[in-house]
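See structure below.
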Amino acid sequence: MENWTHDFNIGSMVRTANAFQAKRVHIVGPHKWNRKGALMTELYQHVENHPSITELVECWKLRIAGEIAAAQSQASAIALHMHENAESGHGAGMNDAASLNEGRVAECAPSGISMDVSAAISAENGNKLAYMTQLAAIDQRIAELKAARVIALDIIPGAVPMETYCFPKRCLMLFGAEGPGLSEKALELADDVVYISQFGSVRSINAGAAAAVSMHAWIAQHAAPQS
């Protein structure tokens with residue numbers, strides 16, 4: 001939230017963010033705001049303060065970059081673990097073959113492979129599948145993080161209607177005050193500018209309401225409905 005002049009809107013924004021489980025609420029400017037509209041949700045919602053819109057965007061992008069690096073490191077660790085297991089598994093297979101030659105295994109599978117070796121192979125395949133599943137999940141997370149965008153919500157020429165906009169899984173939504181809207185710097189730092197289509201005689205809605213509509217638009221595209 002940048003340049004907000006109506007304290008009640010900030011409280012409403014925090015309450016809405018809590019309802020839709022936004023990770024954080026960022027307030028650019030003065031730290032003091034009227035918490036009445038938040039209905040105590042500020043006690044459960046992460047609220048951060050920033051001196052400028054530039055600092056906010058830079059901080060957010062660094063957080064995304066850090067999450068990408070952490071995910072890539074996790075993927076590398078799993079790949080290394082798979083490689084080490086493959087090498088140790090090969091050695092175990094050789095030892096089992098030697099045991100067969102020495103007549104130490106009394107019971108054999110129909111294929112001629114010892115039951116112990118068969119179980120070991122099944123376990124190894126199961127581990128490999130688990131690792132591949134983990135890597136696929138990490139790759140998806142990295143792709144989502146790399147697609148993260150800063151989205152300014154404002155009605156200006158060239159903005160995209162919200163009804164046709166595909167929200168990325170990770171995004172930072174920028175809201176301005178009623179009347180002045182977002183600063184030129186905020187619009188410059190945004191990757192996309194999105195507006196809420198309105199059809200009445202007055203083409204503006206309460207800033208807190210606009211934030212609620214925007215967050216629910218994200219929910220409609222990404223969150224699974226609760227039973």
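Quick notes
- Stretched out straight at 0.36 nm per residue, the stretch from Lys146 to Ala224 would grow longer than its current Cα-Cα span by 25.9 nm.
- Radius 14 Å from Cβ of Ser73, net charge of other residues (Lys, Arg +1; Asp, Glu -1): -1
- Cut-off under 5 Å, modelled amide H: who pairs with Leu174 long-range: Ile151, Ala152, Leu153
- The distance from the alpha carbon centre of the range 61-76 to that of the range 142-158 is 20 Å, rounded to a whole number.
- ³J(HN,Hα) computed for each position of the range 71-82 - Karplus, 6.51 cos²θ - 1.76 cosθ + 1.60, integer Hz, glycine/proline x: 5, 5, 5, 5, 5, 5, 5, 5, 4, 5, 5, 4
- Near Val25, the amide H atoms lying under 5 Å from its own belong to His46, Val47, Glu48; only residues 5 or more places off or on other chains count, and H is placed 1.01 Å from N.
- For a label point 7 Å along the Cα-to-beta-carbon line of Arg203, residues of the range 150-177 with backbone N under 20 Å: 152-165, 175-177
- Residue-wise HN-Hα coupling along the range 165-178, computed from phi with Karplus coefficients 6.51, -1.76, 1.60 (Hz; x: Gly, Pro): 8, 9, 6, x, 4, 10, 7, 10, 8, 9, 10, x, 7, 5
- Per residue, the average separation of C-alpha pairs within less than 8 Å and at least 6 apart gives the range 165-227 a relative contact order of 39 percent.
- Of all accessible heavy-atom area on the range 169-224, the percent that carbon and sulfur account for (1.4 Å): 55
- Size of charge dipole - the range 144-224 - debye, nearest 20, with Cβ of Lys, Arg +1 and Asp, Glu -1, no other charges: 200
The values are calculated or read from the model by the stated rules, or taken from the named source; none is laboratory data. None of the values given here were measured: they were computed from a predicted structure. Methodologically, a virtual Cβ is constructed for each residue, glycine included, from the backbone with ideal geometry; neighbour enumeration extends over all protein chains shown. Ligands, DNA and RNA are stripped out before the accessible areas are found, and what is left, the full protein with its side chains, is counted by its heavy atoms. Shrake-Rupley method; radii C 1.70, N 1.55, O 1.52, S 1.80 Å.
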